[in-house]
1. I'm checking my understanding of the structure. Among residues of the stretch 64-89 that are of a type in the set (Ser, Thr, Tyr) and in contact with an Asp or Glu (Cβ under 6 Å, 6 or more places away or on another chain), which one is nearest to Arg118 (Cα to Cα)?
2. Quick check on my filter: what residues within the stretch 1-24 are modelled with pLDDT of 95 or more and among the acidic types (Asp, Glu)?
3. In the stretch 60-86, what residues are among the aromatic types (Phe, Trp, Tyr) and free of Cβ contacts under 8 Å to residues at least 60 places away in the same chain?
4. Among the residues of the stretch 190-211, which ones are assigned to a loop (DSSP other than H, G, I, E, B) and either of a type in the set (A, V, I, L, M, F, W, C) or free of Cβ contacts under 8 Å to residues at least 40 places away in the same chain (or both)?
5. With Val14, Val57, Val99 as the choices, which residue is free of Cβ contacts under 8 Å to residues at least 60 places away in the same chain and within 16 Å of Met117 (Cα to Cα)?
6. Considering (1) surrounded by fewer than 12 Cβ atoms within 10 Å (Cβ to Cβ); (2) modelled with pLDDT of 95 or more; (3) in contact with a helix residue (DSSP H, G or I) (Cβ under 7 Å, 6 or more places away or on another chain), say which one Glu264 fails and leave the rest.
7. Yes or no: the stretch 136-154 includes at least one residue that is of a type in the set (Asp, Glu) and surrounded by 11 or more Cβ atoms within 10 Å (Cβ to Cβ).
8. Taking the residues in the stretch 238-257 that are modelled with pLDDT under 95 and over 23 Å from the mean Cα position of the chain (by Cα) as candidates, determine which candidate is surrounded by the fewest Cβ atoms within 10 Å (Cβ to Cβ).
Amino acid sequence: MDKKYLDLIKKDSVYSIIPARSGSKGVKNKNIRCLKGYPLLAFSIAASKLSGEVSRVLISTDSPYYAKIGEYYGAEAPFLRPAEISGDKSTDIEFMQHVITWLAENEGEIPEYFMHMRPTYPLRDPKVVGEAAVRMKNDSTATSLRSAHLASNTPYKWFNMREDGYYKSVKEGLTLDEANNPRQAFPDVYVPDGYVDMLRTEFIINNDLMHGDRMIGYVVPGGIDVDAKQDMAFLEYYVTDHSNPVLEYLMNNYKPLDESGVKED
């Protein structure tokens, strides 16, 4: 990226960035699938605002309809993501570079940090999200922060298949018998999730990378990431018996999508 953008960084500022491309094949339009009448996109917007650490919430989408939904629920959609970086094989670094470049060239200012909030992880605690931003700000050596939860099953007990059809341990040097040891014999392993990521703009500009090798390990409670149709069904079931501050905020401040008046052109 153009290193002149470094001069445009506004110190200590945090923008939330919500990637919401259209065209998902696993779950059609999953970024705007509704939970209790509210699109998943709205949950990430609300959690960002309620965190208390974000000055702007931006949507990165290739869909004018998604952009209108985002704006109705309190985000900004000042640009559309180009089609060439909105496909199934497009990477996160591509849309982040686009966001940074657009802000630099059109507004002349970019934040020191981006809070990366995926729409497919709706049930967050805004306090946990806000604490992630504070944790990142307080570590000047960190290149990024990524949330993760403790794995319930250790991969150290798993096997790869050799070309000759026999198993071998996933970990080099671990015998097959040692891989059968109790779970407590192995170190904890953490699974990255969509709860919250914090990105340092300076690092992205200088390295054309998102996370780097000084990634803060931010442990969060497990949650539900929408990747299949049954995940939506489980979410609907879950929220009938469990309260969530983000859902409560949406219900108290916004109409459900089908009553919002936001229509696809």
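1. Ser86
2. Asp7, Asp12
3. Step one: of the stretch 60-86, the residues among the aromatic types (Phe, Trp, Tyr) are 65-66, 72-73, 79.
Answer for the stretch 60-86, where residues must be among the aromatic types (Phe, Trp, Tyr) and free of Cβ contacts under 8 Å to residues at least 60 places away in the same chain: Tyr66, Phe79.
4. Result: Leu209, Met210.
5. None of the other options fit; the residue is Val57.
6. Just one mismatch for Glu264, condition (2).
7. Yes; the residues of the stretch 136-154 include at least one that is of a type in the set (Asp, Glu) and surrounded by 11 or more Cβ atoms within 10 Å (Cβ to Cβ).
8. Asp241
The values are calculated or read from the model by the stated rules, or taken from the named source; none is laboratory data. In this text, all values refer to a predicted model and were calculated from it rather than measured experimentally. Cβ coordinates were reconstructed from backbone atoms using ideal geometry, including for glycine residues, and neighbour counts include every protein chain displayed.
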